[in-house]
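Please read the structure below before turning to the comments.
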Amino acid sequence: MELSELWAIFGPGVAGAVFGAGWWFWVDAVVCSSVNVPFLHYLPGIFATIAALMFNCVRREDIDYTPYDDGEWRLKLWLFFAYVVSFVSLAASVGLLIQDSIVKSGPSVWTGTAGVLQCVFVLISGLIYWTSHPE
Amino acid sequence: MMADLLGYLRNCLQTRKLAVLAILVSGGIVLQILACALYNNWWPMLSVIIYVLLPMPLMFLAGSDGYSLLSESDNGWVTATKFLTGASAIGSIAVPAILKHAGVIGWGALVMELSSYFIFLLAILVYIRMNDDGDDYNFF
């Protein structure tokens, strides 16, 4: 069985596993945190999930790659927003990690690390699902 | 007579696989309950909820064809089923790990939980092998 077949069969399952791993890291951080984790820290993960959902709404064949036609500009705008939201959520989670490591009275470094891992895994899961789901 | 003998051997092999399957499943259940009973701490039963959740997408969304999970499929529901099954599979590993990290259960309970999970996984693989072999023989 060649790689593309294997990818199409097991890709969505792997995507689900990676998505689950990302969110379970965050659950672990919230459960094991000695301080109350403020809602602000939940936001990067939530927005990463929204971004992953957004770019999975676009079917692959719909994207027209010719750069000079009018093309499907709405689709490309939607994808652009999805990318912006995903990168902002990633940057925000890294920023919160740095804040957690500097400010000793807030959530611990593990909370910040788990937030970054959550964003990364959720976005990777969205990518895997996008590349692997057959049409 | 040779055909009879072959048929008998085939049946014997099938029965042995069934016995192995039964042993694996009951071993998994025993380990799961031992993880709670030996330490008098019933928190690990939380992962039973995830075990129950695991086959639900398959039962409700993928219809009667259980092997659509192992084949490429155009149906959007089948890919969603694979996604949810993958997420629940990770959940069964994550819940004991989180319980251990939070200090609610000890190392022994964690090891028993995880080995119970892998035994169940092995049982599912044996079941799939068994059904595949059965189909191949029947095509003759």
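The values are calculated or read from the model by the stated rules, or taken from the named source; none is laboratory data. Values in this document were obtained by computation on a predicted structure and should not be read as measured data. Methodologically, a virtual Cβ is constructed for each residue, glycine included, from the backbone with ideal geometry; neighbour enumeration extends over all protein chains shown. Heads up: the accessible areas ignore ligands, DNA and RNA and are worked out on the full protein's heavy atoms, side chains in. Shrake-Rupley method; radii C 1.70, N 1.55, O 1.52, S 1.80 Å.
For the residues B:Tyr117, B:Tyr127, the requirement of being surrounded by 13 or more Cβ atoms within 10 Å (Cβ to Cβ), assigned to a helix (DSSP H, G or I) and at pLDDT below 85 singles out B:Tyr127. For segment A:57-77, the condition of being at pLDDT below 95 and within 11 Å of chain B (Cβ to nearest Cβ) holds for at least one residue. Residues satisfying the criterion are present in segment A:28-45 (criterion: more than 8 Å from every other protein chain (Cβ to nearest Cβ), exposed (fewer than 15 other Cβ atoms within 10 Å of the Cβ), farther than 20 Å from A:His133 by Cα and hydroxyl-bearing (Ser, Thr, Tyr)).
When the residues of segment A:1-59 are filtered to those that are among the hydroxyl-bearing types (Ser, Thr, Tyr) and outside any helix (DSSP H, G or I), which remaining residue is farthest from B:Lys100 (Cα to Cα)? Selected residue: A:Ser34.
For segment B:99-114, a tally of residues being crowded, with 19+ Cβ neighbours inside 10 Å and among the aliphatic types (A, V, I, L, M) returns 4. Could you check segment A:1-22 and list, in sequence order, the residues that are open to solvent by 70 Å² or more (accessible area, probe 1.4 Å) and either within 9 Å of chain B (Cβ to nearest Cβ) or over 10 Å from A:Ser132 (Cβ atoms) (or both)? Within segment A:1-22, A:Met1, A:Glu2, A:Leu3, A:Glu5, A:Phe10 qualify. Here B:Trp107 passes the criteria (1) over 30 Å from B:Leu18 (Cβ atoms); (2) away from chain A (no Cβ under 13 Å); (3) in contact (Cβ under 8 Å) with a residue 12 or more places away in the chain except the one numbered (3).
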